[in-house]
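Working notes, structure below.
The values are calculated or read from the model by the stated rules, or taken from the named source; none is laboratory data. Worth saying up front: this structure is predicted, and the values here are computed from it rather than measured. Glycine also receives a Cβ, built like all others from the backbone with ideal geometry; neighbour counts cover every protein chain displayed.
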Amino acid sequence: MGAAYDRFGPYTVHECLGAGGMAIVHRASIDIGGGVIREVALKRLLPQFADDRSFVADFVREAKIASQLRHPNIVRILELGKHEGEYFIAMELVRGHSLQHMQKLAAAVRLAFPVGVVIALMAELCDALDYASSATGEDGELLEIVHRDLTPTNLIVTHDGHLKIIDFGVAKALSGKFMTSSGLIKGKLGYMALETLAGKGVDRRADIFSLGVIAWELLTGRRLFRGVNEFETITLLQNGVQAPPSAFNKQVPAELDEIVMHALAKSRDDRWPSASVMRRPLDWMRRSYRDGAKEIAAWRRTLIPDATETVDETTATELSTRDMISDVSISHALGADTITDPEPTTISPEPFAED
């Protein structure tokens with residue numbers, strides 16, 4: 001497909017970054033004048049979605065809203081358009097690796113993310129979510145954007161140690177598509193708040209729950225809500241979290257347990273009311289854990305040494321800009337059933353594995 005798309009409007013199309021049930025994404029470049037060439041991630045809707053007028057209307061509206069976001073931890077939407085009947089989004093091209101990829105590599109060597117690194121990543125994620133939920137548009141109106149689909153696949157850790165969220169604004173347009181057929185929500189179900197699954201009104205607290213799941217998994221090196229099928233996963237979500245991260249990682253302090261478990265409350269009324277409020281105890285913990293971008297980048301290099309990387313490998317496999325409803329099959333389960341711990345506990349939830 002790449003050879004057929006050497007040119008797409010003003011863009012020169014390069015290698016494919018990813019493809020799924022909704023769209024295909026390529027690295028592309030555009031001449032913006034003055035001899036400057038800008039690289040972007042070019043995402044194009046598949047024809048079956050382009051023909052769905054209701055979906056396109058929602059997609060375009062939400063993408064326009066998300067394009068107003070300007071935050072260092074959110075991947076920018078640079079252009080939204082239509083070329084020869086094909087809808088596309090040009091996004092900031094970020095060089096880094098998906099958090100999911102880093103999780104899999106850590107699990108393969110039986111490691112959990114360092115506590116300080118997790119706190120630093122959570123703090124940056126809180127900053128981005130708080131900004132999106134409280135940002136105002138060009139008309140001064142409150143945007144109140146909720147991501148709705150925070151998972152490790154759409155969180156990118158850059159080479160210099162910062163976290164970036166991709167696909168802001170797309171999830172709402174796809175909310176009616178999640179349950180259309182089996183498999184469309186594979187890999188995402190275990191990160192969804194119960195109110196999202198129930199089709200109820202969603203607010204910023206749904207993203208808080210997803211953040212809690214991600215933090216729990218980073219600290220333990222395990223999957224939290226992962227059943228053998230969708231029904232079992234939903235049952236696990238309904239039952240709630242049975243153990244804090246420290247049950248599987250003795251390095252996790254009680255204060256961090258409390259922050260994560262508060263985010264994972266089944267009832268949204270019992271969660272942190274906003275990312276900014278959740279950020280406060282994290283800031284307090286950072287007096288002891290002073291990790292930042294430098295430490296995040298160093299941890300990334302322990303999993304993915306720079307000497308073994310090439311630009312092509314990074315852009316082709318890790319700059320995911322993943323489809324919100326891509327149907328990713330399980331290729332294999334990693335063999336890590338515990339993190340490195342001199343005193344394994346008897347509690348054994350499903351180890352981390354790729355959906």
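Tabulated results
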| item | result |
| --- | --- |
| Subset of segment 237-256 (residues that are charged (D, E, K, R) and either over 15 Å from A112 (Cα atoms) or outside the structural domain of L211 (by TED's automatic domain parsing) (or both)) | E255 |
| Verdict on M91 being within 30 Å of S246 (Cα to Cα) and surrounded by 16 or more Cβ atoms within 10 Å (Cβ to Cβ) | no |
| Residues of segment 75-108 classified as farther than 16 Å from F8 by Cα, outside any strand (DSSP E or B) and touching a residue at least 24 places away in the same chain (Cβ under 8 Å), total | 14 |
| Output for segment 43-60, where each listed residue is assigned to a helix (DSSP H, G or I) and either surrounded by fewer than 13 Cβ atoms within 10 Å (Cβ to Cβ) or assigned by TED's automatic domain parsing to the domain that holds R148 (or both) | P47, Q48, R53, S54, A57 |
| Search result, residues across segment 230-258 that are over 15 Å from T196 (Cβ atoms), touching a Leu at 6+ places or on another chain (Cβ under 7 Å) and in contact (Cβ under 8 Å) with a residue 40 or more places away in the chain | N249, V252 |
| Index of the failed condition, L121 passing every other in (1) assigned to a helix (DSSP H, G or I); (2) out of contact with any strand residue (DSSP E or B) (no Cβ under 6 Å at 6 or more places or on another chain) | (2) |
| Condition broken by F113, with the remaining ones in (1) among the hydrophobic types (A, V, I, L, M, F, W, C); (2) under 17 Å from the mean Cα position of the chain (by Cα); (3) assigned to a strand (DSSP E or B) satisfied | (3) |
| Close pairs from segment 37-53: first farther than 14 Å from I24 by Cα, partner surrounded by fewer than 15 Cβ atoms within 10 Å (Cβ to Cβ) and not charged (D, E, K, R), Cβ under 9 Å, at least 6 apart | R38/I32 |
| Meets criteria (modelled with pLDDT under 90 and surrounded by 12 or more Cβ atoms within 10 Å (Cβ to Cβ)) for S67 | yes |
| Residues located in segment 166-210, provided they are modelled with pLDDT of 50 or more, among the β-branched types (V, I, T) and in a loop (DSSP other than H, G, I, E, B) | I166, I185, V202 |
| Where a residue in segment 262-279 is over 16 Å from G240 (Cβ atoms) and outside the structural domain of G212 (by TED's automatic domain parsing) and its partner, wherever it lies, is surrounded by fewer than 16 Cβ atoms within 10 Å (Cβ to Cβ) and aliphatic (A, V, I, L, M), with Cβ under 9 Å and at least six apart | none |
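Residues checked against (1) at pLDDT below 85; (2) within 28 Å of H159 (Cα to Cα); (3) assigned by TED's automatic domain parsing to the domain that holds L121; (4) not basic (K, R):
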site: H14; (1), (2), (3), (4): no, yes, no, yes
site: G18; (1), (2), (3), (4): yes, yes, no, yes
site: A28; (1), (2), (3), (4): no, yes, no, yes
site: I32; (1), (2), (3), (4): no, yes, no, yes
site: G35; (1), (2), (3), (4): no, yes, no, yes
site: A41; (1), (2), (3), (4): no, yes, no, yes
site: A63; (1), (2), (3), (4): yes, yes, no, yes
site: R76; (1), (2), (3), (4): no, yes, no, no
site: H83; (1), (2), (3), (4): no, no, no, yes
